[in-house]
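Reading through the structure tokens given below for one structure.
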Amino acid sequence: MDLEGHPDTTIIGVLDRADQRDVLLWKKSSLSKYSPSVLKIHTSSPRREYNLRKFLSFSLPSRYTNSSLVFLPIRGNIQTRIRKWKESDSDGLVLAKAALDRLLSEDFFNSDELEYQEIRKFLKDSMDESVYQIFPLSLNPTAPGQGAIAAEVRTEDNWVLDRIRTLSKSEVVLAVEEERKILKRFGGGCHQKIGVSILQKAYGKILYQRGLSDSGEVLEVEEQFSEIFAPPADSVSKVYPVPGEAVKQKRTPLDSSNGLIFSEDGQNNKTIFPTELILKDWLVTRGNAFPNLSPALEHTGLIWTSGLKTWFQLAQRDIWVHGSLDALGEDELPKHSIFGKPLDFIKCTHLGSTEIASGLGRVLTYQTQAMEDHPDLSEKTHFFWMSASQFDKALSIFPQICNGFHACGPGITYSHIRKVLGESANLSIFIRYESWLASLGLEEFKGKKLETKQRRIRLNARLRNLASSESLNSKKLIQPIFIVEGLKEKKKWILFLGFLEIRSLLFLSR
């Protein structure tokens, strides 16, 4: 639908929103190509071409490192596009995942009619001949409203409007309207190289915005709006960890030749042999966690990663990755089936992690060993935890930190820390460690480069917004994911929103 609308009609969101993400279909025959001069990808979207040109250079296996990407236009409905792609010499095709999900679904009236059966068979046969990547919204936000179903109704037709409103999800309507308003500020239209996506989570709203405006402005925005349960830190000496301070760990792969330890429930262990393991779908928590199996064994399941850093590490090892949790926690893992294929995920993680509750069975693929003594945390007040195991270790040595101000990412780490500290504890969710640093209100982390092992971060002083809140006692502060400055004034905060540019060894944002 166009962004301007029409004077005599009203647009109403209907039903819940389907998966917003884009998916890349890739011919299995193209997997055998090593260092081809050109890779051809079908899409008619300037937005997809602009954002994916950078992303695919890191997400595709290393066999394609020296290949140039060529994007080719394609038109028609989903079946027509897939048919044209299969009949061409192109390697990939980019589609909206929601379109595939809906056409493959049998959960609707008359789904057993011959027409729909034939469509599903064609799509399933096409998927069997392909592999795929589901793109993360953080680096490939989509067209406004993607995945949502809307009805355009005559404005004076109150009878229809009233009935459709009963079907609408208010949170979906609000998100889509905001996405459309953002794109409209840049002129709107399918010609724009801009993606805008909003996610509504239990811990707040997340806004992703990436692309290139007509005026040449590069847009790389990620903002999170949720509650902060912490005042500013008094000084850097009160913060843990500052960049580079975390305890260095030696990570050693476990020998899999005689099987690996597998725990279905975190309590009872058994041995899983490589011939069984290759039949499972894997959630890989970090690059070290990828199972160290014989090259003679071919993994036939899916590979998902906890974050994009792990995805890019595996791609550098010439491994095809299907998708990522995008640092949003295990709840983002596909449930039950995907594209008609039943799922059987297990989590690839480290020895000792079974003490942390998880909804997944776990295979233990490596072990960790601290290479130095734990830093003294007795005088620290503000903490960010990369994992539940890291938190448990610190708490066992310094029990007094339980009264501090804690933060972590969403998912099982948050659930575990909340369970240990209790509902009244000061615990905030930040998707990025860097955004937590920026929220501390310290000059050292404001408008300067923060050096870490994998990333070089520069906080841009450009202000994008202004938010205020009631007193700290209410514990209801708006949390932009990247906060440049926090000023305490008469029990109020003024939060200046900035834009965080991330440059890393694995992904150059510009």
Charged-residue dipole, Cβ positions (Lys, Arg, Asp, Glu), the chain about Cα centre, Debye nearest 20: 1340 debye
Note, ³J(HN,Hα) from phi for segment 110-126, Karplus 6.51, -1.76, 1.60, rounded to Hz, x at Gly and Pro: 6, 5, 8, 5, 4, 4, 6, 4, 5, 5, 4, 4, 4, 5, 5, 4, 5
Least to most buried among ARG63, ARG154, ARG81 (fewest other Cβ within 10 Å first): ARG154, ARG63, ARG81
Debye, to nearest 20: dipole size of segment 146-268, +1 on Lys, Arg Cβ, -1 on Asp, Glu Cβ: 160 debye
Above-threshold pairs, the threshold being 21 Å between Cα atoms, out of LYS309/LYS419; LYS238/LYS446; LYS280/LYS419; LYS248/LYS380; LYS121/LYS341; LYS84/LYS341: LYS309/LYS419; LYS280/LYS419; LYS84/LYS341
Beta bridges per DSSP with both ends in segment 255-370, % antiparallel, nearest 5: 40 percent
³J(HN,Hα) computed for each position of segment 390-401 - Karplus, 6.51 cos²θ - 1.76 cosθ + 1.60, integer Hz, glycine/proline x: 4, 4, 4, 4, 5, 5, 5, 8, 10, x, 5, 6
Of TRP304, SER105, GLY422, farthest towards positive along the dipole that unit charges on Lys, Arg, Asp, Glu beta carbons give the chain: TRP304
Cβ-placed point charges (K, R +1; D, E -1), dipole of segment 255-370 about Cα centre in debye, nearest 20: 140 debye
Helix-derived mean residue ellipticity, 222 nm - over the chain, DSSP H n ≥ 4, -39500 (n - 2.57), to 500: -6500 deg cm²/dmol
Candidate aspartates and glutamates - alpha carbon under 15 Å from LYS124, same-chain residues fewer than 8 apart omitted: ASP101, GLU106, GLU115
Under-5 Å amide H pairs with SER168, H placed in peptide plane, nonlocal only: LEU15
Local electrostatic count, SER44, Cβ distance below 12 Å [Lys/Arg +1, Asp/Glu -1]: +4
Stokes-Einstein diffusion coefficient of segment 22-135, Kirkwood radius over Cα pairs, 25 °C, 0.890 mPa s, in µm²/s: 165 µm²/s
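Values in this text are rule-based calculations from the coordinates and carry no lab data. Treat the numbers as computed from the prediction; the structure is a model and nothing was measured. So basically every Cβ, Gly included, is an ideal-geometry build from the backbone, and we count neighbours across all protein chains shown.
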